[in-house]
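Scroll down for the structure; my scribbles are underneath it.
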Amino acid sequence: MSDIVISVRNLTKCFGDFVAVDHISFDVYRGEIFGFLGANGAGKTTAMRMLCGLSFPTSGEGSVAGCDVQCEGERIKRHIGYMSQRFSLYNDLSVWENMDLFAGIYGLSKKETAERAAELLAKLDFVSERDTLVGALPLGWKQKLSFAIATIHRPEVVFLDEPTGGVDPVTRRQFWEMIYEAADAGTTIFVTTHYMDEAEYCSRVSIMVDGVVRALDTPARLKQQFAAGSMDEVFRILARGARRGE
Amino acid sequence: MKNNFLSFVKKESLHILRDRRTMLIVVLIPIVLMVLFGFAISTEVNDIKVAAVAPDRTDGVRDAVERLARNDYFTFCGYTDNRSIDALLRSGKTDAVVVFAADFDRRMQSAASGLPSSPAIQLILDASNVNTAGAATAYLQGVLLGAESQQSLFETRMLFNPQMKSAFNFVPGIMGLIFILVCAMMTSVSIVREKEVGTMEVLLVSPVRPFKIIFAKMIPYFAISCCVLILILLLARYLLGVPMSGGVAGIFSLSLLYLVLSLSLGLLVSTIARTQVAALLISAMVMMMPILMLSGMLFPIENLPKFFQTVSLLVPTRWYIDAVRKMMIQGASVVEVWQDCVILFCMTALVLGVSLKKFNDKLE
């Protein structure tokens, strides 16, 4: 757990006078499930966009999978996987066609694609659904497929932006099992969520308030530190001081 | 990284092929429009129903009426009297009534010998449709004066479209309209759909460059449009008999330029619109209306008010239709319509530049 995959020092992003992300610093280790929490407007999304190479920081340094966030945005994209809160595969393409597309996007060869797709289909128990249109699958299955496809190119880090929004508890549970499995296999998971019970599943959790990281530790130690019974309480204690609204 | 572009083209093609209904519409609309405008809708005036009022059926009168009855454009409905004219026109049983003067022969003779005389014939027309009435007047005058035409002052020759087929005129207009429909509307909707559904987000986080995503999107639509273009040209040549005397190659290459322009317009719309409905509305209202009204497709530009004539200079379709008309019907070569080509080219470059810039700005 000493191998650092994401390293951020004083990362700042301003939009005009507004400081969306204010000098945040943290490290994320390989194989860790890193929970990135914060109320709406706390700067989570902005920070995540910088880590994904989608926008450039105003100041500060950071590296993701060995690539610099200031100048290697395009290289970062090749080493990360991304799954958004909205289901974002193509409903009018089949399971296999979706896999083929994203494998193609990440530059996998035909042979690699076939192998990797077979592997993922077997793991998801989806072999019989290979040619089913994704639109016809139940939501829980889609979510799992989405995650599988986000890891099709074996990225070092997977960014999950509120991956379980609108999903029932049973499916959420199954989804988290997949996340654990991936983390065990050495993939680093960077996840944002609104569900505080999910925060308990993370190896370490950071809580952002008003563009600043206010707490960062394992869920157990955070609860101890704030003398709280659950992560939900910890979050409330921290978020109470927030000045930014929605 | 090379094959990720192909993956995209494949994906876009699959989207289009899966969407059977849209496919069908894209192929059917041109055919329907061509047939509709080619055969059903025409500005030619046919089958004008004419009645005659003649107090005195002299030889001269009968001669004139016979010429009317023989003419293909007219259907002679028989003689009537002064009192029923209004009722006949009102009921729509006739479109025009020819009233001969009582001393028709004498008046014609004095007119022929250059003596001053009062009119020999009165034409009464149902002008509720201005175009029909106007054309009918011209035809009636021509036919009724037929006897005197030997000494007519004018000799008229209609060049390029001697039968005055309106279909010739419509084909370029339909082309101008359809490519905007297929390229601009469909690409914009398809780009905006990805934004709306959320897939665009995932694509932007991937290592594919945004401009590649866009170009990959354009390629299948470009291919479809090429098929539609070929289809239209075939229909125009063999079904409607449009001469295409300026050379098919020229028409084709100019159309390709216009396709690129339409695709760029679609991209521009997609950078403005946030939802598919908005994209559809912008394409329909902001682009279709000017094209229908101001491109010269339906109404001659010269007939527009000065203000709209100026606005029409900005409508790309105006230049495209103008050039295609010249090449298809007048037999002009590409070189002869160079002005239109240059204008279209500049417009394409401008729109493409602006939309690519806007697209990139949106990403940050």
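Using the alpha carbons of chain A, what is the convex hull volume per residue in cubic angstrom, as a whole number?
About 128 Å³ per residue, rounded to a whole number.
I'd like to verify something in chain B: which complete DSSP H helices, judged by Cα projection on the helix axis, reach 15 Å or more and average at least -1.0 on the Kyte-Doolittle scale?
Both cut-offs are met by B:2-18, B:20-35, B:59-70, B:130-144, B:166-179, B:186-197, B:210-234, B:248-272, B:338-363.
Rg over Rh of chain B, using C-alpha atoms and the Kirkwood radius, what does it come to?
Rg/Rh: 1.14.
Based on the alpha-carbon gyration tensor of the protein assembly as shown and its eigenvalue square roots a ≥ b ≥ c, which shape applies: rounded if a/c is under 1.5, prolate if not and a/b is larger than b/c, or oblate?
Numbers: a/c = 3.36, a/b = 3.17, b/c = 1.06.
Since a/c reaches 1.5 and a/b is larger than b/c, the shape of the protein assembly as shown is classed as prolate.
When only Cα pairs under 8 Å and 6 or more residues apart are kept, what is the percent relative contact order across chain A? Can you show the working numbers first?
Working: 455 pairs, mean separation 63.4, N = 246.
In percent, rounded to a whole number, it is 26.
With only alpha-carbon atoms counted, please give the Rg and Dmax of the range B:204-319, in Å.
In order Rg, Dmax, the Cα atoms of the range B:204-319 give 17.2, 53 Å.
For a Förster distance of 51 Å, can you work out the FRET efficiency between the beta-carbons of residue A:224 and residue B:257, rounded to the nearest 0.05?
Numbers: r = 70 Å, r/R0 = 1.38.
Efficiency at R0 = 51 Å is approximately 0.15.
If the cut-off is 19 Å between C-alpha atoms, which lysines fall inside it for residue A:13, apart from same-chain ones fewer than 8 positions away?
The reachable lysines, counting only those whose Cα sits under 19 Å from residue A:13, are A:44, B:362.
Kindly give Rg over Rh for the range A:155-231, based on alpha-carbon atoms, with the Kirkwood expression for the hydrodynamic radius.
Computed over Cα atoms, the ratio is 0.97.
Over 30 Å between Cα atoms, which of B:326/B:357; A:111/B:357; A:123/A:223; B:212/B:326; A:223/B:195; A:144/B:195 qualify?
As for pairs spanning more than 30 Å Cα to Cα, those are B:326/B:357; A:111/B:357; A:123/A:223; B:212/B:326; A:223/B:195.
Express the Stokes-Einstein translational diffusion coefficient of the range A:1-136 in µm² s⁻¹, to the nearest whole number, given a Kirkwood radius over alpha-carbon pairs, 4 °C and a viscosity of 1.567 mPa s. Please list the in-between numbers first.
Values: Rh = 17.1 Å.
This corresponds to a translational diffusion coefficient of 76 µm²/s.
Compare B:334, B:99, B:27 in a GNM of chain B, Cα atoms joined below 10 Å, and give the one with the largest fluctuation.
B:99
Give me the extension gain from residue B:274 to residue B:231: residue separation times 0.36 nm, minus the current Cα-Cα distance, reported in nm with one decimal. Provide the component values of the computation, followed by the final result.
Values: separation 43, 0.36 × 43 = 15.48 nm, distance 3.33 nm.
Stretched out fully, the residue B:274 to residue B:231 stretch lengthens by 12.1 nm.
Any number yet on Rg/Rh for the range A:205-246, C-alpha, Kirkwood? Mind showing how you got there, number by number?
On the way: Rg = 10.0 Å, Rh = 10.4 Å.
My calculation puts Rg/Rh at 0.96.
Roughly how many Å² of residue B:299 are accessible to a 1.4 Å probe, to the nearest 10?
Roll a 1.4 Å probe over it and residue B:299 shows about 100 Å².
Among the aspartates and glutamates, select those whose C-alpha is under 19 Å from the C-alpha of residue B:93, and discard any that sit fewer than 8 residues away in the same chain.
B:47, B:72, B:81, B:126
Taking a ≥ b ≥ c as the square roots of the eigenvalues of the Cα gyration tensor of the range B:1-81, is the shape rounded (a/c under 1.5), prolate (a/b larger than b/c) or oblate? Display every interim value, and only then the final one.
Working: a/c = 9.93, a/b = 5.85, b/c = 1.70.
It is prolate, given that a/c is not under 1.5 and a/b is the larger ratio.
How high is the relative contact order of chain B, given as a whole-number percent (alpha carbon pairs under 8 Å, six or more residues apart)? Let's see the in-between values first.
On the way: 443 pairs, mean separation 67.0, N = 364.
Over chain B, the number comes to 18 percent.
What does the extension gain come out to for residue B:110 and residue B:219, with contour length at 0.36 nm per residue minus their alpha carbon separation?
This chain segment gains 32.0 nm when fully extended.
May I ask you to rank B:106, A:172 by accessible area, largest first, using a 1.4 Å probe over the protein chains only?
Output order, biggest surface exposure first: B:106, A:172.
Report the semi-axes of the equivalent ellipsoid for the range B:48-151 in whole Å, largest first, where each axis is √(5λ) for an eigenvalue λ of the Cα gyration tensor.
22, 15, 13
R0 = 25 Å: FRET efficiency of residue A:185 with residue A:217, Cβ-based, nearest 0.05? Intermediate values should be presented prior to the final figure.
Details: r = 25 Å, r/R0 = 0.99.
In this case the efficiency is close to 0.50.
The values are calculated or read from the model by the stated rules, or taken from the named source; none is laboratory data. The structure displayed is predicted, hence computed values, not measured ones. Note that we place each Cβ from the backbone using ideal geometry, even for glycine, and neighbour counts take in every protein chain shown. All accessible areas refer to the heavy atoms of the entire protein, side chains included, with ligands and DNA or RNA removed. Shrake-Rupley method; radii C 1.70, N 1.55, O 1.52, S 1.80 Å.
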